[in-house]
Amino acid sequence: MIGTKSFEAIVNGEQVKLNIPQNLRLIDVLRNYLGLTGTKEGCGEGECGACTVLVDGEPYNSCLLFALQVQNKNILTIEGLASYNNLHPLQESFLEHGAVQCGYCTPGMLLVAKALLDKNPNPTREEIKVAISGNLCRCTGYSKIVDAISAVAEKGVKR
Amino acid sequence: MGVEFYKPQKLEDVLDVLATKKGPLKILAGGTDLMLDIRNKKYEVAGIVDINLLSELKNISVEGEFIKIGSLVTFTQLANSTLLQERVPFLVEAANSVGAPQIRNQGTIGGNIANASPAADSVVPLIALDAICSVLSPLGNRDIPLNQLLCGVGKTRLASDELIVEVKFKLPRKITRSAFVKFGRRNALAIARMSVAILLGLDGNKVNAARVALGAVAPNPFRSLELENMFLNKAMEEIDVDEVIARSSMVVSQALGNRPSAKWKNEAIKGLMRQVLSKIGIM
Ligand SMILES: Cc1cc2nc3c(=O)[nH]c(=O)nc-3n(C[C@H](O)[C@H](O)[C@H](O)COP(=O)(O)OP(=O)(O)OC[C@H]3O[C@@H](n4cnc5c(N)ncnc54)[C@H](O)[C@@H]3O)c2cc1C
Ligand code: FES
Ligand code: FES
C-alpha cells in the first residue's frame, strides 16, 4: 500500500509483521492493529505511564514511540505477562494487596514492577518508588502498590 | 498522510538521506520531544530520520583529556555511568532529575541539546563544562561550542542537513566538587522553573577553578562569570555565602530585565543558590 511500511517485531513472544502508516505510534499499533487493548492511553504526552510497555526489558511510554522506531525489537505488553491459565505473581499480589481500584494504571504499574524485579530481585521500598515514579495512579495512593511489589520481592518469586 | 520514515544504518546513509530526500526532514533520536511537536503540529514534516541504528553514537568514552558522550546516550546511561559519577557528578544529578524512568530511558543528550529548551537539564552542567559539540554534515565535520550552537528558545545554529555526533568536554581535574539543583516540573509554567549547576576545582582548600551556570533564566543556559569570580582564589571557608546569594539575585534580575518573571525568580534563586552551596559543602 502506498505510504505504508512493513513493521516487524516480537510482541509477547510472537513474531508480528504488518503494514502500517509510517508515522503511527507504537500504542496505536498495539491497540488498533493487534487488538492489545490492555495498554492504556491516559495523557498521550509521556506524563502518566498508563501506556508503558517493555522494549527489550526496559519500560517505555508507547505513546511517545513511533512504531517503526522499535522495528525488530522485543516488546512485552500486559497481555504477555501471565501465562495462559496462571496469573503472574505480581498480578496475584496486586489483587491480594488491594493495589487495583479502577485499574487504569495497573498494566503500566505491573510492567515497570516486572522490569524492576528482573534487574533487582530485592529492591528497597525507595527503589520501588523510583521505579514507579513515571506511573500515575489516581485511586490507590500508591502505598498498596508498593506493598504489593515488595511482597513479591520478599517471596523471591522470579519473572 | 505522507510522512516517510527513514532508518539509515550508517552515518554516511544519514547524511545521504538528509542531503537528498524531500524535506522538511527531522532527525529522530529518542522522540520524547519530537513526537509531541509533530502531534501538536509545531512544524510540518515530510520525513523522519531515525538515527537509532547508529550504535557508534551510544558510547561514553575518554579520549586524551576529553570525555566524549555520543549524541544518542540516554539520561539513564548518563545516570549509570561510573566515569561520570566520579568526575562530573552534577551531570549525573541533572540526568537523574529528569522526571520519569521511562523518559530517562528514551530521552537523549543530543535531543536535549538540539531541542534548545531554556531549561534543558543536561545542558546546564554541559554549559558549565564549556562543552563542545561535534557535528557532521555532507560538507564534513566541525566542532562548535555548545554556547554558540544554542541561539535562542528552541533555536540552534545546526543546518538542516547537520547532526550532532557527540558532545565533549575537558575532563575536570580529579579534585573538583560539583552539584546541580532545580525546581519546577517540566510542564510547570516557564515562570516556575529554574536550575543551577556549579563546579569548583580545588587545590588543597583553595578554589582554583569555578563554573556557575544557570538554567531557565535566559533563552539558553549560560555561565555567570560574575558569580564564578566570587569563588575564585578563595579558601572554601572564605567564600561569603550571603554575598554570593545576593549577587545571584542581581544576576537573575539583569538577565530577565523587566520580564514579569523577574520579580519572583530573583527571589527564588536565593533559595536555589543556598541549596546548591550546601550540596557542594560550602554551608
Ligand atoms: C514527560 C516528559 C518529561 C520530560 N522531562 C524533562 C526534564 O525533566 N528535563 C529535560 O531537560 N527535558 C525533559 N523532557 C524533554 C525531553 O525528554 C528532552 O529534551 C530529551 O532530552 C529529548 O531527547 P530525545 O532524544 O527524546 O529527542 P527527540 O525528541 O528525538 O529530538 C528533539 C529535537 O532534537 C533534534 N535532534 C535529536 N537528536 C539530534 C542530533 N543528534 N542531531 C541534531 N538534531 C537532533 C530532533 O530533530 C528534534 O528537533 C521531558 C519530556 C517529556 C515528554
Ligand atoms: S498515555 Fe503515554 S504516558 Fe500517558
Ligand atoms: S487504580 Fe485507578 S489509576 Fe491506579
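The values are calculated or read from the model by the stated rules, or taken from the named source; none is laboratory data. Computed from a predicted structure; not experimentally measured. No Cβ is skipped: glycine too gets one built from the backbone with ideal geometry, and neighbour counts run over all protein chains shown. Remember, those area values only see protein heavy atoms, side chains included, never the ligands or the DNA or RNA. Shrake-Rupley method; radii C 1.70, N 1.55, O 1.52, S 1.80 Å.
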Quiz item: In segment A:4-80, with Lys and Arg counted as +1 and Asp and Glu as -1 at Cβ, which of these residues, A:GLY80, A:ALA9, A:GLY46, has the Cα nearest the positive end of the dipole, that is, farthest along it?
Solution: A:ALA9
Exercise. Relative to the longest principal axis of the C-alpha atoms of chain A, give the angle of the C-alpha long axis of helix A:143-155, reported between 0 and 90° and rounded to the nearest 10°.
Key: 80
Practice problem: Using a 10 Å cut-off on Cβ to Cβ distances, tally the other chain neighbours for every residue of B:50-62 and report the average as a whole number. | Solution: 1
Quiz item: So how far, in whole Å, is the C-alpha centre of segment A:1-52 from the one of segment B:94-123?
Solution: 24
Quiz prompt | Cα gyration tensor shape of segment A:1-83, rounded if a/c is under 1.5, else prolate or oblate by comparing a/b with b/c | solution = oblate
Quiz prompt | Cα shape, the protein assembly as shown, gyration tensor, a/c 1.5 rule | solution = oblate
Exercise. Report, in whole Å, the centroid distance computed from the Cα atoms of segment B:231-283 and segment B:37-84.
Key: 32
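Considering only protein heavy atoms and a probe of 1.4 Å, how much of the accessible area of chain B is carbon and sulfur, as a whole percent?
Carbon with sulfur: 50 percent of the solvent-accessible area.
Which whole number gives the average count of other chain Cβ atoms within 10 Å of the Cβ atoms across peptide A:112-118?
Per residue, the average neighbour count from other chains is 1.
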Quiz prompt | For the pair A and B, total buried accessible area rounded to nearest 100 Å², probe 1.4 Å | solution = 2200
Quiz item: Hey, got a sec? Which chymotrypsin sites (Phe, Trp or Tyr not before Pro) in segment A:90-159 land in a DSSP loop and have at most 14 other Cβ atoms within 10 Å?
Solution: none
Quiz item: What translational diffusion coefficient, in µm²/s and rounded to a whole number, does the Stokes-Einstein relation yield for segment B:80-189 at 20 °C and a viscosity of 1.002 mPa s, taking the hydrodynamic radius as the Kirkwood radius over Cα pairs?
Solution: 144
Quiz prompt | Per residue solvent-accessible surface (Å²) - segment B:104-173, probe of 1.4 Å | solution = 36
Quiz prompt | Packing-based order for B:241-249, A:14-22, using average beta carbon neighbours within 10 Å, highest first | solution = B:241-249, A:14-22
Practice problem: Report the semi-axes of the equivalent ellipsoid for segment A:89-155 in whole Å, largest first, where each axis is √(5λ) for an eigenvalue λ of the Cα gyration tensor. | Solution: 17, 13, 10
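Can you send over the carbon and sulfur percentage of the accessible area for segment A:4-80, probe radius 1.4 Å, protein chains only?
Within segment A:4-80, the accessible surface is 42 percent carbon and sulfur.
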Quiz item: Using a 1.4 Å probe on the protein chains only, how many percent of the accessible area of segment A:89-155 belongs to carbon and sulfur?
Solution: 53
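Once you average over the residues of A:120-133, how many Cβ atoms of partner chains fall within 10 Å of each Cβ?
Values: counts 0, 0, 0, 0, 0, 0, 0, 0, 0, 0, 3, 1, 2, 4.
Taking all residues of A:120-133 together, the mean is 1.
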Exercise. Go through A:LYS73/B:LYS58; B:LYS170/B:LYS263; B:LYS174/B:LYS279; B:LYS168/B:LYS279 and tell me which ones have a Cα-Cα distance over 28 Å in this structure.
Key: B:LYS170/B:LYS263
Practice problem: Write out the GluC sites (Glu not before Pro) in segment B:36-72 meeting two conditions: DSSP loop, and at most 13 other Cβ atoms within 10 Å of their Cβ. | Solution: B:GLU44, B:GLU65
Quiz item: How far apart, in nm, are the 7 Å Cα→Cβ label points at A:GLU96 and A:LYS119?
Solution: 2.6
Quiz item: Where in chain B are the DSSP H helices whose alpha-carbon span along the long axis reaches 15 Å or more and whose Kyte-Doolittle mean is at least -0.5?
Solution: B:241-256
Self-check item: Debye intensity ratio I(q)/I(0), log10, chain B, q values 0.11, 0.14, 0.15 Å⁻¹ (C-alpha model)
Solution: -0.64, -0.99, -1.12
Quiz item: What is the projected area of the convex hull of the Cα atoms of chain A, averaged over all directions, in nm²?
Solution: 8.9
Quiz item: So what does the Cα-only Debye profile of segment B:1-106 read at q = 0.10, 0.11 Å⁻¹, as log10 I(q)/I(0), no solvent term?
Solution: -0.36, -0.44
